[in-house]
Amino acid sequence: MSDSILCGLIGTGIEASLTPVMHEEEGRRQGLPYVYRILDLDVMGMVPSDIGELLTYARRFGFRGLNITHPCKQLVIEHLDELSPDADRLGAVNTVLFDCGKAIGHNTDWSGFGRNFDDGLPGAQLDRVVQLGAGGAGAAVAYAALTRGVGTLTLVDSSLARAEELARTFSRQFPAQIVEARHTSDLAEVLGNANGLVHATPMGMAAHPGMAFSPDLLRPDLWVAEIVYRPLETELLRQARLIGAPTLSGGGMTVFQAVDAFRIFTGIEPDSKRMLAHMTELVHGEQTAAAL
C-alpha cells in the first residue's frame, strides 16, 4: 500500500485515548503508512448531533475508517449506508469503514470482549452468569456472552427498567437462552448460585476507584471478568485474586477491539499479542507516572 491509511476516533473527552498510539504502532510494525487522528467533539466545539457532518468531512478528506465512541455509537447509524449483521442486532456502531463509496458500520466492542474471554477464561462454566451493568458497554458484553452459549444471563443494574429493556431485546434474539433482569439490590441473591460475574460499570476506573459491591460476595469458584482497563488491576480483580477466583482484566477487550478495527481498516491481520504487550506497557507507564 503506497497511499497513507488515514483513520480516526470520534467521541467526547477522548484526548487521553490510547487507541491512536496502538493503531499507529501496529501500522509501523506492519510497514504501513498508517495515520490515526483524534476527533474530539469537545475540542472542536461540536455536539454529538454533528456526527453526520463529521462523516461527510471524513469521506471528503480521504479517511479510510473511523472508530466511534461515546456518545455517538447510536447516533451515527442513520448516516451509514450499511451495517454488519452484529452492529444491526446491537443497534450500535463503534467502527465505520469507507469502502467503494459506502460508509459501512461494524461493532468490535462485542467481538473484543468475546475474544478476550476466549483467550483469558477458556473452559469457564457458562450455565449461570451475572452481568453487573446494562448500559452502553453492557449491551455489547451481554451479546458476546450469549453468543458463547451462556445458559442464563442475569442483567443487574441500578436502573431496573434499563436492564429489563436489554433483557427483552436479547430474549428475542436468543430464544433458546434465558435473559433476565434484576435490580442491584438483588445482586447478593443472584450471585449466590452463579458460575461467573461480568463487571460492566465504570466502578474501578481511575476516576471511580473502589468496587460496586462488597468483596464478601466473591467466591473462589466464581470467575470474574472486567471491562475496565485503566487500571489493569481494578479493586474488584484484586479482591477476586486474593481469594483465588479466576479473573480476566479488561485490557484484552480494549486490544481486541483495536485488533478487529485494524483488520477492517487495512485488510491485514495485526499481531494481537504484540498489541496487548504494547497496551500493557502504555497503561503501566501511566500508572508509574501518576505515582511519581
- Message: I'd like the FRET efficiency for Ile243 and Lys102, computed as 1/(1 + (r/R0)^6) with the beta carbon distance as r and R0 of 45 Å, rounded to 0.05.
- Response: 0.35
- Message: Let me cross-check Glu53: its accessible surface, 1.4 Å probe, with only protein heavy atoms counted, in Å² to the nearest 10?
- Response: 80 Å²
- Query: Over all distinct Cα pairs, what is the inverse of the mean 1/r for segment 146-292, reported as the Kirkwood hydrodynamic radius in Å?
  - Reply: 17.1 Å
- Task: Quickly work out the Glu180-to-Met205 label distance, labels modelled 7 Å from Cα along the C-beta direction, and quote it in nm with one decimal.
- Result: 3.1 nm
- Which order do Trp110, Trp223 take by accessible area at a 1.4 Å probe, largest first? Trp110, Trp223
- Message: Explain nothing, just the number: dipole magnitude of segment 100-210 about its Cα centre with +1 on each Lys and Arg Cβ and -1 on each Asp and Glu Cβ, in debye rounded to the nearest 20.
- Response: 300 debye
- Query: For the Cα atoms of the chain, what angle does the longest principal axis make with the long axis of helix 136-147, in degrees from 0 to 90, nearest 10?
  - Reply: 70 degrees
- Report Rg (one decimal) and Dmax (nearest whole number) for segment 1-160, counting Cα atoms only, units Å. 17.2, 52
- Using eta = 0.692 mPa s and T = 37 °C, Stokes-Einstein with Kirkwood Rh from Cα pairs puts D for segment 78-164, in µm² s⁻¹, at 232 µm²/s
- Note on the structure: So, with points 7 Å from each Cα along the Cβ direction, the Asp118-Leu282 label distance in nm works out to 2.3 nm
- Message: What is the distance in Å between the Cα centroid of segment 75-94 and that of segment 218-292?
- Response: 26 Å
- Query: Working out 0.36 nm times the residue gap between Ser171 and Glu24, then minus their Cα-Cα distance, what length gain in nm do you get to one decimal?
  - Reply: 49.0 nm
- Using 0.36 nm per residue, how much length does the chain from Ser4 to Ile268 gain when fully extended, once their Cα-Cα distance is taken away? 93.6 nm
- Task: Determine the principal axes of the Cα atoms in segment 128-218, then give the extent along each, sorted from largest to smallest and rounded to whole angstroms.
- Result: 37, 26, 23
- Query: Pick from Gly13, Gly65, Gly138: which residue has the top mean-square fluctuation in a GNM of the chain where Cα pairs under 10 Å get a spring?
  - Reply: Gly13
- Task: Determine the gain in length on full extension of the stretch Leu75-Gln125; use 0.36 nm per residue of separation and subtract their C-alpha separation, reporting nm with one decimal.
- Result: 14.4 nm
- Query: For the chain, what's the radius of gyration and Dmax over Cα atoms, in angstrom?
  - Reply: 19.0, 58
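The values are calculated or read from the model by the stated rules, or taken from the named source; none is laboratory data. Worth saying up front: this structure is predicted, and the values here are computed from it rather than measured. For neighbour counting, all protein chains shown are included, and Cβ atoms are generated from backbone atoms with ideal geometry for every residue, glycine included. Heavy atoms of the whole protein, side chains included, go into the accessibility calculation; ligands, DNA and RNA do not. Shrake-Rupley method; radii C 1.70, N 1.55, O 1.52, S 1.80 Å.
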